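Following: one structure in C-alpha cells, then a few remarks.
The values are calculated or read from the model by the stated rules, or taken from the named source; none is laboratory data. No experiment lies behind these values; they were computed from the predicted model shown. Don't worry about glycine lacking a Cβ; one is built from the backbone with ideal geometry, like all the others, and counts go over all protein chains shown.
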C-alpha cells in the first residue's frame, strides 16, 4: 500500500503491523502518529491504539485489560462512523470482538475508498 494524499505513512505502517498480528508494534507506530496528528484525528488514532493494545493483552492472557481497552477504544471511535480514513469502523470493531472471543482469529484492517 502506497501512502496517498489522505493517508499518513505511519497510519499505513501501523495497519501493516496490525494485519501481521504485531499488535505491540502497531501500537508504537500509531502512538507516534497520535502525538502529532490534527486534533480531529486524535480520538480515531487513540482508538486504534487501544484496539491493538487490547489484542496484545489478550495474547498475554490478560482478559480484563483486553476487554477494558476494547470497550474504551470502541466508544472513542463512535464519532468516526461509518467510515473514516478508509476504515469501515463497525466492521473493524466486529473483527476485534471476534478475535477476543476466539484466540485463533486475527482481525485485519481493510481500507476502502470511503
Of residues in segment 18-46 being in a helix (DSSP H, G or I) and in contact (Cβ under 8 Å) with a residue 40 or more places away in the chain, the one surrounded by the most Cβ atoms within 10 Å (Cβ to Cβ): 18
Criterion first (within 22 Å of residue 9 (Cβ to Cβ), modelled with pLDDT of 95 or more, in contact with a helix residue (DSSP H, G or I) (Cβ under 7 Å, 6 or more places away or on another chain) and assigned to a helix (DSSP H, G or I)) does residue 69 satisfy it? no
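For segment 88-104, check the following and say yes or no: at least one residue is part of a loop (DSSP other than H, G, I, E, B) and surrounded by 15 or more Cβ atoms within 10 Å (Cβ to Cβ). Give the derivation first.
Step one: of segment 88-104, the residues part of a loop (DSSP other than H, G, I, E, B) are 102-104.
This time we only want the ones that are surrounded by 15 or more Cβ atoms within 10 Å (Cβ to Cβ), so: none.
Checked against the condition, which is being part of a loop (DSSP other than H, G, I, E, B) and surrounded by 15 or more Cβ atoms within 10 Å (Cβ to Cβ), segment 88-104 yields no hits at all.
Residues 15, 49, 64: which one is assigned to a helix (DSSP H, G or I) and farther than 18 Å from residue 89 by Cα?
After applying the criteria, what remains is 64.
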